[in-house]
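Structure record follows, encoded as structure tokens.
Nothing in this text is a laboratory measurement; each read-out follows from the coordinates by a stated rule. Model, not experiment: these values are computed from the prediction. FYI the Cβ positions are ideal-geometry reconstructions off the backbone, even for glycines, and counts take in every protein chain you see.
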Amino acid sequence: MTPAQIIPLDGPLHHVQGIDIERETLWVSSVDKERRTGHLYAIALPAGKIQQQTEVQDGPRYHPGGLSLDGEDLWLPVAEYRRASTTQIQRRDKRTLRLLQSFQVADHIGCIAAAPNKLYGGNWDSLDIYEWSKKGATSNKRTNTTGTRYQDMKFAANRLIAAGLRSKTQGAVDFLDPNSLDLRRRIDLGVTDRGTVFTNEGMAVKGNMLYLLPEDDPSRLFVFKLD
């Protein structure tokens, strides 16, 4: 696939993680490992300028992951920077980025997707997929059998859409049945002209448009048109 558009983003954005998009606003989560801080940005498109930003770390938890827009809210996992650790799942106001609610999970959650009545989340490399109520009760935990190490995921058109890595030079966007986690469709993707796998980090889908943010500073948003 060839990008229909490439949008440079102003920074610094540190080590980018997750994204979501609505009209002319792009939300980006990132981690600054050196300073042990997590960040959430609202960025104006197509200018790529930062409109708002806030730090999101919570004690030892400073690694935000793939995020998900949910009406007026954003859901964001903020985890310790290690496997099998702990995560604070945060609900934030999409306009002000203010923290509204949170609950803790006894695992490193690297990405989250908001469905109408529940949340889905993948742990480190998405070896397991969790389900929670929006009040924080765990309702399910299943093994991811696709072989794709998901970094960001969304719920759209009754599908769980997840993007991640399959090798050092190959990535994929997988369309999953949310009830069984069976693979319904896969889009294979390679690397950018900088050698970074397109699905290395952030992913969002709106209608027939796919948005990917794989690279750290200077970050570029890649826009693809889906068949």
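Number of residues in the stretch 81-98 that are charged (D, E, K, R) and in contact with a Gly (Cβ under 9 Å, 6 or more places away or on another chain) equals 1.
Scanning the stretch 92-109 for residues that are crowded, with 21+ Cβ neighbours inside 10 Å, of a type outside the set (A, V, I, L, M) and part of a strand (DSSP E or B) turns up just one, Arg92. Can you work out which of the residues in the stretch 172-227 that are under 19 Å from Ala115 (Cα atoms) and small (Gly, Ala, Ser) is farthest from the chain's Cα centre (by Cα)? In this case the residue turns out to be Ser180. Would you mind stating whether Asn179 is in a strand (DSSP E or B) and surrounded by fewer than 24 Cβ atoms within 10 Å (Cβ to Cβ)? No. The set of residues in the stretch 154-171 that are among the hydrophobic types (A, V, I, L, M, F, W, C) and touching a Ser or Thr at 6+ places or on another chain (Cβ under 9 Å) comprises Phe155, Ala162, Ala163, Leu165. Does the stretch 206-224 contain at least one residue that is of a type in the set (A, V, I, L, M) and in a loop (DSSP other than H, G, I, E, B)? Checking the stretch 206-224: not a single residue is of a type in the set (A, V, I, L, M) and in a loop (DSSP other than H, G, I, E, B). Mind checking which strands (runs of 3 or more DSSP E) fall wholly inside the stretch 22-83 and carry at least 3 residues that are buried (at least 22 other Cβ atoms within 10 Å of the Cβ)? Hits in the stretch 22-83: 25-32, 37-44, 73-79.
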